[in-house]
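Student: Below you'll find the structure I mean.
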Amino acid sequence: MDGGASTDARWGTRGRAYGAAVGVVAVAVTICLSLRGRLQTTDVAMLLLAAVVIVASRYSRGAAVVACVVAIAGFDFFFVPPYNTLAVHDSAYVLTFGVMLLVALAMSRLTARIREQADEARERERRTAALYALTRELGQAQGPAAQVEIVTRHLAQAVRGRAELALAVNGELPADAATPSPAGIFDGVAVRVAAAWAFGQGEPAGLGTPRCAEAEALVLPLRTHTQVLGVAALAPAAGGTIGPTERGMAEALAEQAALALERAALAERHQQARVEVEAERLRTTLLSSLSHDLRTPLGSIEGAASTLTEDSGTLPAAVRRELAETVLEESRRMTRLVTNLLDMVRVETGTLAVQKAWQPLEEALGVALLRMEDRLSGRQVETRLPDDLPLVPIDELLVEQVFVNLLENASKYTPPGSSIAIAAWADDGAVVVEVADRGPGVPAEQRELVFHKFHRGPRAANGEAPGGAGLGLTICRGIVAAHGGRIWVEAGAGGGAAFRFSLPLDGPPVRPPAAEPAD
């Protein structure tokens, strides 16, 4: 900005203040002249002092001093004999003039001080409100881009102009700060030089500073206690300037923004570290589970297969059949384990795709019962599905997996031969499904814990440690949640545990059946 233009503007402001001071005193003198026949000399002095107080309350101290001098001169010229002259015949008036001058100066000083304090209080309030608004918006921002937009907007409002940020990448200003920018502030060579100096030294540069003063923008470093995160370039509006008040506000906002950006970066790094720790824990648990749960079926398969391979026809047919059934059963066990692991990965990564279609719930349940036929042998499975049960928008394969996992869980943790009841009913825009067993049930304090990853019950129904990876119920929750429902466990009406899940009756529109061609 042109320094001469700023000086002219300041002198113009002062000239208007001085003119206003003279005008206020002139009005007071005119009023006193119109009432001179009814006013005492002391009354006139009080009215002129009141005019000085008015000037001091609205303008600078210099304007108040001018008002004091003009008021005393007017009092002497119009109201002290001889009139219409500045000569004073009565020496007592000299003391009056001196007292008036002292009182006027003291009052103007006090009034000006009160006004300045009020202005400072208003400025502090404005700064506090701006800092609070910035902090609140940054606390609600999602992602670095939103934070940069918020900081840029608040800085632009502070200087009543334009603002632009350049954040450091790997400890250096990005190339964007040295190339044409969207706001155009960094386009000038002087501004780019000021930005480099401010970033390197951690001090303001550019407009209104000793460093790179020829720049057309003020560059503030986004500095914290440990590092400089970037720079903010502030350009005043056309024909304007950045005064001390605007600069102080901008510096406070820049400091607060730097702290907020640092906290956001630390929070992001902390979250990444947590994700890495969780991923490592998941990897370790999976490896531990695989090493235990795959080794057992693999050992059984290897033993049975090697026996069948080495058989020279001496084994009875019943033994060979039993070995073949062992291979088949353990293979299916491995398949269920691997399927659960793959489903868990899909649930955790959010890649579980649900292809909904309106269909009867009986189909998914029937397929699940067929898959679990061997595991459920010797048990009575009772199904209670009303005839008027509406069609449900589901992914049949995924809901089938939910039934399989719930049935497998019931067969694992209930005594052999105990019954399992499956029921479903419509309830408030959803279909609720219940799989109830007659086992020991789930304690109230563990009814949420059973849906956590890798959680296993203390003992299976046969008293042995339960097998599996402890992922079945977690996968059920992920699949049901992907359908928009929820799953929970309660105490069964006849004892045992009752696992329930809901499936909302909202989904893709039902396509009308295609018309059959006419004969």
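The values are calculated or read from the model by the stated rules, or taken from the named source; none is laboratory data. Predicted, not measured: the structure shown is a model, and the values here were computed from it. FYI the Cβ positions are ideal-geometry reconstructions off the backbone, even for glycines, and counts take in every protein chain you see. For the accessible areas, the whole protein counts, side chains as well, though only heavy atoms, and no ligand, DNA or RNA atoms are used. Shrake-Rupley method; radii C 1.70, N 1.55, O 1.52, S 1.80 Å.
Student: Can Glu276 be described as in a helix (DSSP H, G or I), charged (D, E, K, R), open to solvent by less than 40 Å² (accessible area, probe 1.4 Å) and modelled with pLDDT of 75 or more?
Tutor: On the way: in a helix (DSSP H, G or I): yes; charged (D, E, K, R): yes; open to solvent by less than 40 Å² (accessible area, probe 1.4 Å): no; modelled with pLDDT of 75 or more: yes.
Taking the combined requirement at face value, the residue does not satisfy it.
Student: Which condition breaks for Val27 when tested against (1) open to solvent by 10 Å² or more (accessible area, probe 1.4 Å); (2) in contact with a Leu (Cβ under 8 Å, 6 or more places away or on another chain); (3) more than 14 Å from Ala112 (Cα to Cα); (4) not polar (S, T, N, Q)?
Tutor: Answer for Val27: the failing condition is (2).
Student: Further question on the same structure: Consider Ala205 carefully, then state whether it is more than 14 Å from Ala257 (Cβ to Cβ) and in contact with a strand residue (DSSP E or B) (Cβ under 9 Å, 6 or more places away or on another chain). Before you say what the answer is, go through the steps one by one.
Tutor: Working: more than 14 Å from Ala257 (Cβ to Cβ): yes; in contact with a strand residue (DSSP E or B) (Cβ under 9 Å, 6 or more places away or on another chain): yes.
Here the answer is yes, as Ala205 does meet what is asked.
Student: Using beta carbons and a limit of 9 Å, which pairs, at least six apart or on different chains, have the first residue in segment 399-411 and over 16 Å from Val354 (Cβ atoms) and the second one at pLDDT 90 or above and aromatic (Phe, Trp, Tyr)?
Tutor: Cβ pairs passing all conditions: Leu406/Phe499; Leu406/Phe501; Asn409/Phe499; Ala410/Phe499.
Student: Here is a further query. I'd like to check something: does segment 438-449 contain any residue that is in contact with an Asp or Glu (Cβ under 8 Å, 6 or more places away or on another chain) and of a type outside the set (Lys, Arg)?
Tutor: no
Student: Every residue in segment 442-474 that is in contact with a Ser or Thr (Cβ under 9 Å, 6 or more places away or on another chain) and at pLDDT below 85, please.
Tutor: Across segment 442-474, the qualifying residues are His452, Lys453, Phe454, His455, Ala461, Gly467, Gly468, Ala469, Gly470, Leu471.
Student: Determine the pairs where a residue that is in a loop (DSSP other than H, G, I, E, B), located within segment 415-435, has a partner that is open to solvent by 20 Å² or more (accessible area, probe 1.4 Å) and not hydrophobic (A, V, I, L, M, F, W, C) with Cβ atoms under 6 Å apart, the partner being 6 or more residues away or on another chain.
Tutor: Short answer, once both residue conditions are applied: Gly417/Gly378; Ser418/Arg438; Ser419/Gln380; Ser419/Arg438.
Student: Can you confirm whether segment 68-79 contains a residue that is in contact with a helix residue (DSSP H, G or I) (Cβ under 7 Å, 6 or more places away or on another chain) and either modelled with pLDDT under 75 or of a type in the set (S, T, N, Q) (or both)?
Tutor: no
Student: Residues of segment 421-445 being of a type outside the set (Gly, Ala, Ser), surrounded by 15 or more Cβ atoms within 10 Å (Cβ to Cβ) and more than 19 Å from Arg384 (Cα to Cα), which ones?
Tutor: Pro440, Val442 - these are the residues of segment 421-445 that are of a type outside the set (Gly, Ala, Ser), surrounded by 15 or more Cβ atoms within 10 Å (Cβ to Cβ) and more than 19 Å from Arg384 (Cα to Cα).
Student: Let me ask another. Somewhere in segment 186-203, is a residue touching a Leu at 6+ places or on another chain (Cβ under 8 Å) and modelled with pLDDT under 85?
Tutor: no
Student: Yes or no: segment 377-391 includes at least one residue that is open to solvent by less than 80 Å² (accessible area, probe 1.4 Å), at pLDDT below 90 and under 18 Å from Cys476 (Cβ atoms). Working first, answer last.
Tutor: Keep residues of segment 377-391 that are open to solvent by less than 80 Å² (accessible area, probe 1.4 Å), which gives 378-379, 381, 383, 385-386, 389-390.
Okay, now just the ones that are also at pLDDT below 90, so 378.
Checking which are under 18 Å from Cys476 (Cβ atoms) leaves us with none.
Looking for residues that are open to solvent by less than 80 Å² (accessible area, probe 1.4 Å), at pLDDT below 90 and under 18 Å from Cys476 (Cβ atoms), one finds none in segment 377-391, hence no.
Student: I've got another one for you. Would you mind stating whether Glu216 is acidic (Asp, Glu), part of a loop (DSSP other than H, G, I, E, B) and touching a Leu at 6+ places or on another chain (Cβ under 7 Å)?
Tutor: So Glu216 fits the description; yes.
Student: Only one residue in Val367, Val402 is modelled with pLDDT of 90 or more, over 21 Å from Glu490 (Cβ atoms) and hydrophobic (A, V, I, L, M, F, W, C). Which one? Give the derivation first.
Tutor: Values: Val402 fails: over 21 Å from Glu490 (Cβ atoms).
Residue meeting the stated conditions: Val367.
Student: Scan segment 410-441 for residues that are among the aromatic types (Phe, Trp, Tyr) and at pLDDT 90 or above and report the count.
Tutor: 1
Student: With respect to the numbered conditions (1) in contact (Cβ under 8 Å) with a residue 24 or more places away in the chain; (2) over 23 Å from Glu330 (Cα atoms); (3) in a loop (DSSP other than H, G, I, E, B), which one is the sole condition not fulfilled by Asp387?
Tutor: (1)
Student: Follow-up question, since we're still on this one. If Gln256 meets every condition in (1) within 30 Å of Val228 (Cα to Cα); (2) open to solvent by 60 Å² or more (accessible area, probe 1.4 Å); (3) of a type in the set (S, T, N, Q); (4) at pLDDT 80 or above apart from one, which number is that one?
Tutor: (2)
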